[in-house]
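The structure under discussion appears below in the form of C-alpha cells.
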Amino acid sequence: MQESVLQQHLYKLVLADIINPVNDQLASYYKDGAMLLKRSKSKSSSGFYVDRVGKRLDLIKLVKDSECEILDFRGKLVVPTFVDTHFHWVQDDVCLMPKDNLLQWLKKYTWPSESKFKNKEYTKLKSKLFAKKLLSVGTTAGAVYCSIHQHTVLASAKEFVGDFIFGNVLMTMNSPDYLLQTESDAIASVRELSSKLKKRYALTPRFAPTTSPSVMKMSGKMAKRNGSFIQTHLSETINEIEYVLSIYSSFAKFKKVLTYTEIYDRCGLVTDRTIFGHGIHLSDKELKLLSKKGASIAHCPTSNGPIDEFGLGSGLFDFEKCNANKVAWALASDIGGGPFLSMIDVMNSFVYQNKRAKVKSATYVMALNRATNAGAKILKIKRTGNFKRLNWANFVVIDDIFSGRGSDSGEKRLEAAFKTNSGIKARKKTENVILKTFYKGNCLFGRDNG
Ligand code: GUN
Ligand code: ZN
C-alpha cells in the first residue's frame, strides 16, 4: 500500500529531442529537450498533461527527485501522437490487394472482406488486434469507418484507445446482396448508434452511389440532433464521379444537380461537422460550397497515390487550392485504400508526391501539423494535437537512426526520422519505427528495443 502511494509521482519528466508542431510553417524543435508532465487532479479525467516544454538543462532543475519520474529517451525523437482522419479498420486485409481502379477494388476485394464482419466473434478478435496496431503506429485519434454491421462500431469503440469517432457504412443501393441493407434498417442503425454514442458517432453513408438520398436525408437530421459527425467519400476518382452523376441524373429531385458535392448538400450533409474523404477532383464551385458550410477534407495521399505505389491512382490533392478556399484539411491513411496504417508513411507520401509535382511548399513540418493539430481541430478533440501547456501528454518516441540528429532544423530532423525509400519493404518499416506510445502520459505501447 505504502509503496504504491509512493509510486504515484506528481510529475514525469521526458528527456528527448522534442518537436512540437505549431502550424504549417513552424515546428518548435528542442534538441536535448525535456517535457514536464503533471498528473491531473480531476477525478473525471485521469492522466498526465503537459506542464511545459524546454531545454533539458533548464527543466531538470525544476524537479525534485521524490515527486518526479524521469523518462530518459535522450537522443531519440518525441512528437505528438497522430490523428488519422479517415480509415476503414475493417479493410486491414485488403491493403495490398491489386488496385486497378477504385470501383473494381471495392467489388472484388473490399466488400467481400467486409462481409466477414457479420460474424461477431471475428469482429471481436479483429478489433482487439487492430486496437494494438493503432497504438503500435502511434495513432490515438481519428475518424473510423466500420462495416455495415452495428456491432463493428460497438466493438471498435470499446477496444480503440484514444479519441476516435466511429460510423457504420450505410449501403442501401447499388451494393452486393450480402451487404445490402433495407432503408429502414439503415435508418434504425443510425438512430440507435447516434443516440448512444452522440459526439463519438459519425453518420457514414459509404458514398452517394450506395446510399439512397432519402436515407442520407433522414439520418442526417438524426446525426445533427445528436451532435454526431458526418463522414463519407467525395470526388475520389474520375470514374467514380461519372458513376455518381449517372445514377443521380435519373432521380427526379436531382435532375438539375451538376456536381457530386451538391448531391450531399441537397441531402443536408455538408456541415461544419462533416469530413469528406479525398476531394481530389473538386471544382472551384464545390470548394466554395465546402468552405461556406465549414466542411473539411480528409486527405489520403497514400490511397490516392499511383497504382504502382500501392494506391488507387486517384490523383494529387491540390492542398494549395484548398487553402486558398479556406477549406480545412488533414491527413489520413484511408487504410485499405492506403497500403499502411502508419501516419509516417502518409506524411512521407504527402511530401514525396508534392515535391515530385514541384509543389515546393509541402514540407515535413506541414505534414506533421496536418497529421496532428489539423486533425484534432477538425474532429473537435480538445487538449490534443500538440504540446501546448495543459494539453494531454499524448506522444510517441521514435528511434531515428539517420543523419539529421545533429541538425538544428525541425524540418531536417523530421525528414531524417521519417523519410524512407519508396519501395514496399522500406515503406512497411514505417509500421515499426515507433518505440513507445504514450496516451495521457501513460505508456500503452512499447517495443522491446525501446
Ligand atoms: N468509396 C466508397 N467506399 C470506399 C472505400 O471503402 N474506400 C475508398 N478509398 N473509397 C471508397
Ligand atoms: Zn475511405
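Conditions (1) within 16 Å of ligand 2 (Cβ to nearest atom); (2) outside any loop (DSSP other than H, G, I, E, B); (3) farther than 30 Å from Ile19 by Cα, marked per residue:
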{"residue": "Thr85", "(1), (2), (3)": "yes, yes, no"}
{"residue": "Cys95", "(1), (2), (3)": "yes, no, yes"}
{"residue": "Ser113", "(1), (2), (3)": "yes, yes, yes"}
{"residue": "Thr123", "(1), (2), (3)": "no, yes, yes"}
{"residue": "Ser127", "(1), (2), (3)": "no, yes, yes"}
{"residue": "Leu135", "(1), (2), (3)": "no, yes, no"}
{"residue": "Val144", "(1), (2), (3)": "yes, yes, no"}
Go through (1) surrounded by fewer than 17 Cβ atoms within 10 Å (Cβ to Cβ); (2) free of Cβ contacts under 8 Å to residues at least 12 places away in the same chain; (3) within 15 Å of ligand 2 (Cβ to nearest atom) one by one and return the number of the condition Asn119 breaks. (3)
Going through (1) modelled with pLDDT under 95; (2) within 18 Å of Leu170 (Cα to Cα) one by one, Asn101 fails only at (2)
Test: Lys217 is over 23 Å from the mean Cα position of the chain (by Cα), surrounded by fewer than 17 Cβ atoms within 10 Å (Cβ to Cβ), more than 16 Å from ligand 2 (Cβ to nearest atom) and more than 25 Å from Gly142 (Cα to Cα): no
So for segment 54-76 (the condition being at pLDDT 95 or above, buried (at least 18 other Cβ atoms within 10 Å of the Cβ), in a strand (DSSP E or B) and touching a Ser or Thr at 6+ places or on another chain (Cβ under 7 Å)), does at least one residue qualify? no
Any idea how many residues of segment 369-380 are crowded, with 21+ Cβ neighbours inside 10 Å and more than 12 Å from the chain's Cα centre (by Cα)? 1
Quick one: how many residues across segment 261-309 are surrounded by fewer than 24 Cβ atoms within 10 Å (Cβ to Cβ), closer than 25 Å to Tyr201 by Cβ and within 20 Å of the chain's Cα centre (by Cα)? 5
Quick check on this structure: which one of Ser246, Ser212 is among the small types (Gly, Ala, Ser), more than 16 Å from ligand 2 (Cβ to nearest atom), over 18 Å from Ala143 (Cβ atoms) and surrounded by 15 or more Cβ atoms within 10 Å (Cβ to Cβ)? Ser212
Quick check on segment 389-408: of everything there that is surrounded by 15 or more Cβ atoms within 10 Å (Cβ to Cβ) and modelled with pLDDT under 90, which residue is farthest from Gln25 (Cα to Cα)? Asp399
Please specify each residue of segment 29-46 satisfying the condition of being within 17 Å of Glu67 (Cβ to Cβ) and touching a strand residue (DSSP E or B) at 6+ places or on another chain (Cβ under 7 Å). Ala34, Met35, Leu36, Leu37, Lys38, Arg39, Ser40
From Ile307, Ile263, grab the single residue that is over 18 Å from Asp334 (Cα atoms) and within 16 Å of ligand 1 (Cβ to nearest atom). Ile263
Can we say Ile187 is away from ligand 1 (no atom under 16 Å from the Cβ), at pLDDT 95 or above and assigned to a helix (DSSP H, G or I)? yes
If I ask for residues that are among the aliphatic types (A, V, I, L, M) and not in a helix (DSSP H, G or I), which ones from segment 283-308 would you list? Ala295, Ile297, Ala298
Segment 259-282, residues that are touching a Cys at 6+ places or on another chain (Cβ under 8 Å) and not in a loop (DSSP other than H, G, I, E, B): Gly277, His278
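The values are calculated or read from the model by the stated rules, or taken from the named source; none is laboratory data. All of these numbers come straight from a predicted model, not from anything done at the bench. We place every Cβ from the backbone using ideal geometry, glycine too, and count neighbours over all the protein chains shown.
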